[in-house]
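Here's the structure, in structure tokens; my notes come after.
The values are calculated or read from the model by the stated rules, or taken from the named source; none is laboratory data. Because the structure is a prediction, the values reported are computed rather than measured. FYI the Cβ positions are ideal-geometry reconstructions off the backbone, even for glycines, and counts take in every protein chain you see.
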Amino acid sequence: MSSIEIQPVDSPIRGSIRPPGSKSITNRAMILAALADGPTTLTGMLDSQDTRVMVESLRRLGFTVDQDVAECRCTVNGLAGKIPAKQADLRLENSGTSIRFLTSLCALGSGQYRLDGVERMRQRPIGDLVRALQPLGANIRYEVPDSDCPPIIVDGLLSYFTGGWTSIQGSISSQFLSSLLMTAPACQKDVHVRVDGELVSKPYVTMTLQMMQAFGAEVFWPDDLSEFHVSAKPYKAGTYDIEPDASAASYFFAAAAVTGGEVTVTGLSRKALQGDVGFAAALEQMGCEVIWGTDRITVKGKPLHGIDIDMNAISDTAQTLSAVAVFADSPTTIRNVGHMRHKETDRIAAVVTELKRAGIRAEEHAEGLTIFPGMPQPAEIHTYDDHRMAMSFSLLGLRVPGIKILDPGCTAKTYPNYFQDLRTLCTGEHLAGTNL
């Protein structure tokens, strides 16, 4: 297995960086563009494993997708809710957004579509989405009966997603709700959705709603995001600019925090679509200074203090905060992130395991974890084919020697050039490894 060793920096990190386009926005934008009436051009688009999976799947479904990787640009020819292909076998790797968003899209078609992924994907439940789509007319079955997980067959030969009333569980993943909502305008009649139970990761649903409106959708909801009404009205084609990835920005903000440096991320602001810009506010709670600009956010590292924080809304940055917490002056407890257990890996268990591997005391809870400060020891960090494990644990190596990240190539899922960009920000050859 390849590895990369992170070498400690000699001085606080100072610099500016613009991360690549948001994976969450890119994959949503491609679905909305495919549902629009005519060609839509996406600018600032991310090129990563997850987005390539989406591009290839849309092509297999018969859509014309012209991508210019060098220019971060892509044009999708939307067909106003029609699915050209009558049959497709979609392999979604370990891309949760892709398999969830495409399940609802395929439910609009009049053919038969199989959706599958890697072994881990076959352990990630999708039943809440399937059960929400069925009352709306979708015909979906599990290849392994009653498994609640992929592979699934979306069969539009007898019935398909026409609209109406349904309810959906919100406790496992907000992507189920986002999937259903994005596809709803292409239905034959209006769609009404009620959320049962607690909705996790609410900022991602807000992102979805804002993007739908940018594409011309008529959608209505109360402040608590408990129910939604979506009009049966086709999306409008056009041009859509994708902002930098706020989850990716968290690693660079954290680099400033753990080294006492100063890092500016351009292209983001407090008003960004992505709720994960709230990670900077979490660092502010820990003692950092944060400067919120109109098109940039700057984090200045200061002495770090442990905090008790609910990260349900920004759980994709919980691993990043766990790494920062190692260097605080008191314990940090991260709460209300139990849904992280259903991600690329069980992220709560994985973080605790790898912190212990590095000699850091950490405790796992049903819905979160507690990190006790300490000086990490040399360790080979296992990444579990999870891009966020690799990127977050690289932060430990900026302070202490001997931190090796196994399988660093897993960052290709959302940020293929992460380690190169981290090297550039560190203003020197701080990384040494093989097969990156």
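The residues of the range 187-215 that are touching a residue at least 40 places away in the same chain (Cβ under 8 Å) and in a helix (DSSP H, G or I), listed by number, are Lys202, Pro203, Tyr204, Thr206, Met207, Thr208, Gln210, Met211, Met212. Across the range 143-186, the number of residues qualifying as within 29 Å of Ala313 (Cβ to Cβ) and either part of a helix (DSSP H, G or I) or touching a residue at least 60 places away in the same chain (Cβ under 8 Å) (or both) comes to 16. Of the residues Val193, Val263, the single one that is in the same structural domain as Ala313 (by TED's automatic domain parsing), buried (at least 18 other Cβ atoms within 10 Å of the Cβ), aliphatic (A, V, I, L, M) and modelled with pLDDT of 95 or more is Val263.
Does Gly397 satisfy being of a type in the set (Gly, Ala, Ser), modelled with pLDDT of 95 or more and not in a strand (DSSP E or B)?
So Gly397 passes the test.
Of the residues that make up the range 334-354, is at least one closer than 14 Å to Met389 by Cβ, among the charged types (D, E, K, R), buried (at least 24 other Cβ atoms within 10 Å of the Cβ) and touching a His at 6+ places or on another chain (Cβ under 9 Å)? Checking the range 334-354: at least one residue is closer than 14 Å to Met389 by Cβ, among the charged types (D, E, K, R), buried (at least 24 other Cβ atoms within 10 Å of the Cβ) and touching a His at 6+ places or on another chain (Cβ under 9 Å).
Take the range 282-298 and flag every residue that is out of contact with any helix residue (DSSP H, G or I) (no Cβ under 7 Å at 6 or more places or on another chain), over 18 Å from Ser22 (Cα atoms) and outside any loop (DSSP other than H, G, I, E, B). Answer for the range 282-298, where residues must be out of contact with any helix residue (DSSP H, G or I) (no Cβ under 7 Å at 6 or more places or on another chain), over 18 Å from Ser22 (Cα atoms) and outside any loop (DSSP other than H, G, I, E, B): Glu284, Gln285, Glu289, Ile291, Trp292, Thr298.
Of all residues in the range 384-428, those that are of a type in the set (Phe, Trp, Tyr) and under 22 Å from Phe327 (Cβ atoms) total 3.
Listed here are the residues, each with its yes/no results for (1) of a type in the set (Val, Ile, Thr); (2) in contact with a helix residue (DSSP H, G or I) (Cβ under 8 Å, 6 or more places away or on another chain); (3) not assigned by TED's automatic domain parsing to the domain that holds Val9.
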position: Pro222; (1), (2), (3): no, no, yes
position: Ala237; (1), (2), (3): no, yes, yes
position: Ala249; (1), (2), (3): no, yes, no
position: Ser269; (1), (2), (3): no, yes, no
position: Ala280; (1), (2), (3): no, yes, no
position: Met311; (1), (2), (3): no, yes, no
position: Thr317; (1), (2), (3): yes, yes, no
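May I ask you to verify whether Gly275 is in contact with a His (Cβ under 6 Å, 6 or more places away or on another chain) and not assigned by TED's automatic domain parsing to the domain that holds Ala33?
When the stated conditions are applied, Gly275 does not pass them.
When the residues of the range 303-333 are filtered to those that are touching a strand residue (DSSP E or B) at 6+ places or on another chain (Cβ under 6 Å) and of a type outside the set (Val, Ile, Thr), which remaining residue is surrounded by the fewest Cβ atoms within 10 Å (Cβ to Cβ)? Here the answer is Asp308. If you go through the range 158-168 and keep only what is surrounded by fewer than 20 Cβ atoms within 10 Å (Cβ to Cβ) and more than 21 Å from Ser110 (Cβ to Cβ), you end up with Trp165, Ser167.
Set side by side, the residues Lys413, Lys404 differ, and just one is touching an Asp or Glu at 6+ places or on another chain (Cβ under 7 Å) and at pLDDT 95 or above, which is Lys404. The test for being more than 20 Å from Ala256 (Cα to Cα), buried (at least 23 other Cβ atoms within 10 Å of the Cβ) and out of contact with any Phe, Trp or Tyr (no Cβ under 6 Å at 6 or more places or on another chain) holds for Ala358.
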